[in-house]
Amino acid sequence: MRMRIDLAYDGTDFKGWAKQPRLRTVQGEFESALATVLRVPEAQVVCAGRTDAGVHARGQVLHLDVDDEVIAAAARLHRGGPDLGVVARRLNGLLPGDLRVRGVSEAPEGFDARFSAIWRRYAFRIVDTTERLDPLVRRHVLAWPRELDMAAMNAACEPLLGLQDFASFCKRREGATTVRTLLDLFWERDADGVLVGTVRADAFCHNMVRALVGSLITVGEGRRDPQWPAEVLRAALRDPAVSVVAPHGLTLEEVGYPEGAELAAQADRARNRRELA
């Protein structure tokens, strides 16, 4: 069986998603608990997207292939099949409080947590006035010392949408493409006046969201015109004037998947290298 696991975590005290020797990571903590629940020597999961140190998630998605006899031993039978809710409850009984399983289900045919995804949606939260500062949300909201012009930030967002080479906003990795399709990028204030940026793309490269937010904050402060982020993008070179903001304001909110036969078809497409026409 291929299991789909929906996961949420507070990234504050993790050194990112990826397992690393002698460091506390989301993958390390979760795979250790999963191996215990499944009674196997080790369990290796595939995630929809790795998050950096300090970044949070409400909508992380994983998959894991499990032998029938292993899952039968770990979960009670329910109407002829394993009760995967038992696996979720046992995992949450072992996991620390900053890492929670939101659901465990049998994945549909063709599902791949990483390659079947058609988009990932992040939110970046900023509080930019003293009156709105709330110490109870300091772990997932960035406190900014100056009020930001949301209209100017939104004006700067529009030229960045679509299929583009985001090399100017990414930390390069050898052999990896920086071409991405940015589907949504906009800012709005929630009921408490917190500035919330929504960023949705087919995929993201390293530091891309935090660098985009850094450039838009520069516009919001009035230090650059709204056209500046697009000028940086067109240069296709990492610009030292673009700051990568602190990670704790960033949360992976949701991962989108197609249905039916499109799951496997999307997985095949996603394995191809993205290029501009």
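Here is the list for region 104-133: GluC sites (Glu not before Pro) lying in DSSP coil, each with at most 12 other C-beta atoms within 10 angstrom of its C-beta, are E109. Here is the size of region 181-255 from its Cα atoms: Rg then Dmax, 12.7, 38 Å. Charge tally around A88: other residues with Cβ under 12 Å, Lys/Arg +1 each, Asp/Glu -1 each, net +3. Using only side-chain charges placed at the Cβ, +1 for Lys and Arg and -1 for Asp and Glu, the dipole size of the chain relative to its Cα centre rounds to 660 debye. Phi-derived couplings, Karplus 6.51 cos²θ - 1.76 cosθ + 1.60 at θ = phi - 60°, listed residue by residue for region 228-240: 4, x, 5, 5, 4, 4, 5, 5, 6, 9, 4, 9, x Hz, with x used for Gly and Pro. The helix-based estimate of mean residue ellipticity at 222 nm for the chain, built from -39,500 (n - 2.57) per DSSP H run of four or more residues and divided by its residue count, is -7500 deg cm²/dmol to the nearest 500. When peptides 243-251, 43-51, 211-219, 260-268 are ranked by their average number of other Cβ atoms within 10 Å per residue, the highest-first order is 211-219, 243-251, 43-51, 260-268. Taken as Cα centroids, region 208-276 and region 80-154 sit 18 Å apart, rounded to the nearest whole angstrom. Each listed q (0.17 Å⁻¹) maps to a log10 I(q)/I(0) for region 2-106 from the Debye sum over equal C-alpha point scatterers, namely -0.73. Considering only V219, T25, T177, the residue lying farthest towards the positive end of the dipole of the chain is T25, judged by Cα position with unit charges set on Cβ.
Rank these for me by crowding, L34, L91, L237, L161, going from fewest to most other beta carbons within 10 Å.
So the residues, fewest neighbours to most, are L237, L161, L91, L34.
What would the Debye equation give as log₁₀ I(q)/I(0) for the chain at q = 0.08, 0.11 Å⁻¹, counting only Cα atoms as equal point scatterers? Once normalised to I(0) and log-transformed, intensities are -0.37, -0.68. Computed about the Cα centre, the dipole magnitude for region 2-106 is approximately 200 debye when only Lys and Arg (+1) and Asp and Glu (-1) carry charge, each at its Cβ.
Going by neighbour counts of Cβ atoms within 10 Å, the residues M150, M1 line up, fewest first, as M1, M150.
The slack in the chain from K171 to D134, taken as 0.36 nm per residue of separation less the alpha-carbon distance, amounts to 10.1 nm.
Per the Debye formula on identical point scatterers at the alpha carbon atoms of region 119-257, with no solvent, log10 I(q)/I(0) at q = 0.18, 0.19 Å⁻¹ is -1.00, -1.11.
No lab work stands behind these numbers, since they all come straight from the coordinates. Computed from a predicted structure; not experimentally measured. Here the Cβ is made from the backbone with ideal geometry for all residues, glycine too, and neighbour counts use every protein chain on show.
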